[in-house]
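The values are calculated or read from the model by the stated rules, or taken from the named source; none is laboratory data. Since we're looking at a predicted model, the values are computed, not measured. With ideal geometry, Cβ positions are generated from the backbone for all residues, glycine too; neighbour counts draw on all protein chains shown.
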Amino acid sequence: MRTKSLLIGDIRFQFKYGFYFLYAVFTILYIAILYMLPGRWREQAAIIMIFTDPAAMGLFFMGAIILFEKGERVLNSIAISPVKPYEYVISKLTSIAIISTAAAVLIGLGGRVISNYIYFILGVFLGSCLFSCIGIILAVNIKTLNQFIVATIPAEIIISLPAIAWLFGFKPLWLILHPGVCVIELCQNGENAFLAMFILAFWTFFAAVYAWRKVRKSFKSLGGIKL
Amino acid sequence: MKPLYRSFAMFIKQIFKDSMLFMVCIAVVLTAFFIRFGIPAAEKFLCSYFNKEAILLNYYLLCDLFLALMTPYMFCFASALMMLTEYDENIASFLAVTPVGKKGYVISRLIFPAGIAFIVSVIILSIFSLTEWSVWMIIIICLLTSVSSVIITLFLFSFSHNRVEGMALGKLSGILMLGLPVPFFLTNKFQYLFSFLPSFWIAKLCISENGIYLLLALATSVIWISIIYKKFSRKMI
């Protein structure tokens, strides 16, 4: 029940600050660009767009969301409320993943690149949660937005480079252990999609637990006093 | 002048502390290296693979233009994020009543970063461009890209109420760059749908070197700046 209320609150917050509007604009823009591209490029272009934007939005926005909540003392209020840190994390991950998945499905439909809906939706949803977890892990310890952006660059490179290499044909089987590669494999409904689903779920769970521990620690040290 | 320099020094110190300045410079240099060496290598590979004489060659100028716009864009984006942080923490209002003043604050956060970006982009473009550029053309294009990037700082600061909206609008502001590839890919009259973007006229100017486009690029930038500046000014009070 508490998680549901938190989730509704987060969705309202994201709606108010233009996330839904932004992704509506970008989805239309991406679909328009896809239609301008030659047919044989469309699938790869659509997957790159989905992977680097809607799926990765948590990594981009989490710093701003958490810094804003710190500034408005929202976290202080949540910390003394009955809300548990894991509920806070789940709400953040789910609210962002809803927008990511909706935008990705629309781009996928627009570009006609979805061949297996279950794998596609799972890939984007779990991938988005993973990116958001990394966003939370980085955001809890930073003070300014510029700091956050700088901190996300290595994470983005580590996740994106092997995934893009996989998309363009560099496909040794061991690389399937990489979470970014799993997202691509699921979105493309590749040969190893079933395996990728479990590996990605493991990575997401692992990242979520780490994010939860970070949030729990930060809730205990809010207001300058370590509890 | 002294308080003004102090305010600017504060800005530089902050983005140094965040490593943002360092990262912006690294990102610019890395992109410049990628464009200078990566694109011709990719062109060579693609041409031999598809057995064609030129694939990317026609878009070398577009890569150069992207390079000229990227430096001021990144500097101005960093500046806008910092201004939003200062606004959230009320530092902007405090500075406005100190000897720095509102005007000084605006100069140190808008004009100085754009000025530095202009110098850096002139250097970057002179060293790393893929096509032949005359000195005057480099100066004119970098000046135009720096002026048009001021729109980004103004836009982000004026229309976002906090850092979250700032990030959302920051993504949206990328659309301002969309005008660059338009004249390269759309040659019919539909290209003029993008004529409200200064970047569109900057690209047109580079393609045909017609003085009219210089005026149009400058005019669209000035119109955007003067419209948004009113809102910016109201927010600063």
For this session: Go through segment B:84-121 and give me each residue that's of a type in the set (S, T, N, Q), at negative phi and within 13 Å of chain A (Cβ to nearest Cβ).
Result: B:Thr85
Seminar exercise, completed: Per the filter on segment B:42-74, residues assigned to a helix (DSSP H, G or I), under 30 Å from B:Ser173 (Cα atoms) and among the hydrophobic types (A, V, I, L, M, F, W, C) are B:Ala42, B:Leu57, B:Leu61, B:Leu62, B:Cys63, B:Leu65, B:Phe66, B:Leu67, B:Ala68, B:Leu69, B:Met70, B:Met74
For this session: Return a yes/no flag: does segment B:66-87 have any residue that is free of Cβ contacts under 8 Å to residues at least 60 places away in the same chain and surrounded by fewer than 20 Cβ atoms within 10 Å (Cβ to Cβ).
Result: no
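I'd like to check something: does segment A:152-161 contain any residue that is of a type in the set (S, T, N, Q), away from every other protein chain (no Cβ under 13 Å) and in contact (Cβ under 8 Å) with a residue 60 or more places away in the chain?
Yes, segment A:152-161 contains at least one residue that is of a type in the set (S, T, N, Q), away from every other protein chain (no Cβ under 13 Å) and in contact (Cβ under 8 Å) with a residue 60 or more places away in the chain.
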For this session: Go through (1) farther than 20 Å from B:Ala114 by Cα; (2) within 14 Å of another protein chain (Cβ to nearest Cβ) and name the single condition B:Phe155 misses.
Result: (1)
Exercise. What number goes with the only condition from (1) surrounded by fewer than 24 Cβ atoms within 10 Å (Cβ to Cβ); (2) within 13 Å of the chain's Cα centre (by Cα) that B:Phe185 does not pass?
Worked result: (2)
Exercise. In segment A:174-227, which residues are assigned to a helix (DSSP H, G or I) and of a type in the set (Lys, Arg)?
Worked result: A:Arg213, A:Lys214, A:Arg216, A:Lys217, A:Lys220
For this session: Check whether at least one residue in segment B:15-32 is surrounded by 13 or more Cβ atoms within 10 Å (Cβ to Cβ), free of Cβ contacts under 8 Å to residues at least 24 places away in the same chain and among the hydroxyl-bearing types (Ser, Thr, Tyr), and report yes or no.
Result: yes
Problem set entry | Test for B:Ser148: is it modelled with pLDDT of 90 or more, more than 12 Å from chain A (Cβ to nearest Cβ) and buried (at least 23 other Cβ atoms within 10 Å of the Cβ) | yes
Exercise. When residues of segment A:14-26 are filtered for being at the interface with chain B (Cβ under 10 Å from one of its Cβ atoms), farther than 13 Å from A:Ile98 by Cβ and in a helix (DSSP H, G or I), how many remain?
Worked result: 5
For this session: Starting from segment B:155-182, take each residue that is at pLDDT 80 or above and list its partners that are among the charged types (D, E, K, R) and part of a helix (DSSP H, G or I), counting only C-beta distances under 6 angstrom and pairs at least six apart or across chains.
Result: B:Ser158/B:Lys231; B:Ser158/B:Lys235
Exercise. Could you say whether any residue in segment B:106-123 is more than 16 Å from B:Leu4 (Cα to Cα), of a type outside the set (Phe, Trp, Tyr) and in contact with a Lys or Arg (Cβ under 6 Å, 6 or more places away or on another chain)?
Worked result: no
Exercise. Applying the selection to segment B:167-201, what residues are of a type in the set (Phe, Trp, Tyr) and either within 8 Å of another protein chain (Cβ to nearest Cβ) or assigned to a loop (DSSP other than H, G, I, E, B) (or both)?
Worked result: B:Phe185, B:Phe196
Problem set entry | Condition broken by A:Tyr35, with the remaining ones in (1) farther than 30 Å from B:Leu186 by Cα; (2) within 14 Å of chain B (Cβ to nearest Cβ) satisfied | (1)
For this session: Can you tell me which residue within segment B:67-79, out of those that are under 15 Å from B:Phe16 (Cα atoms) and among the small types (Gly, Ala, Ser), is nearest to the other protein chains (Cβ to nearest Cβ)?
Result: B:Ala78
Exercise. Inside segment A:56-95, can you point out the residues that are away from chain B (no Cβ under 14 Å), buried (at least 19 other Cβ atoms within 10 Å of the Cβ) and in a loop (DSSP other than H, G, I, E, B)?
Worked result: none
For this session: Kindly list the number of the only condition in (1) within 13 Å of chain A (Cβ to nearest Cβ); (2) within 22 Å of the chain's Cα centre (by Cα); (3) touching a residue at least 24 places away in the same chain (Cβ under 8 Å) that fails for B:Ile12.
Result: (3)
Problem set entry | Meets criteria (within 30 Å of B:Met82 (Cβ to Cβ), hydrophobic (A, V, I, L, M, F, W, C) and touching a residue at least 24 places away in the same chain (Cβ under 8 Å)) for A:Phe131 | yes
Exercise. With B:Val106, B:Val164 as the choices, which residue is part of a helix (DSSP H, G or I), over 20 Å from the mean Cα position of the chain (by Cα) and β-branched (Val, Ile, Thr)?
Worked result: B:Val164
Problem set entry | Single residue of segment A:16-34 satisfying the filter (touching a residue at least 24 places away in the same chain (Cβ under 8 Å) and over 19 Å from the mean Cα position of the chain (by Cα)) that is surrounded by the most Cβ atoms within 10 Å (Cβ to Cβ) | A:Leu34
Problem set entry | Any hit, segment A:167-179, residues being out of contact with any helix residue (DSSP H, G or I) (no Cβ under 9 Å at 6 or more places or on another chain) and of a type in the set (A, V, I, L, M, F, W, C) | yes
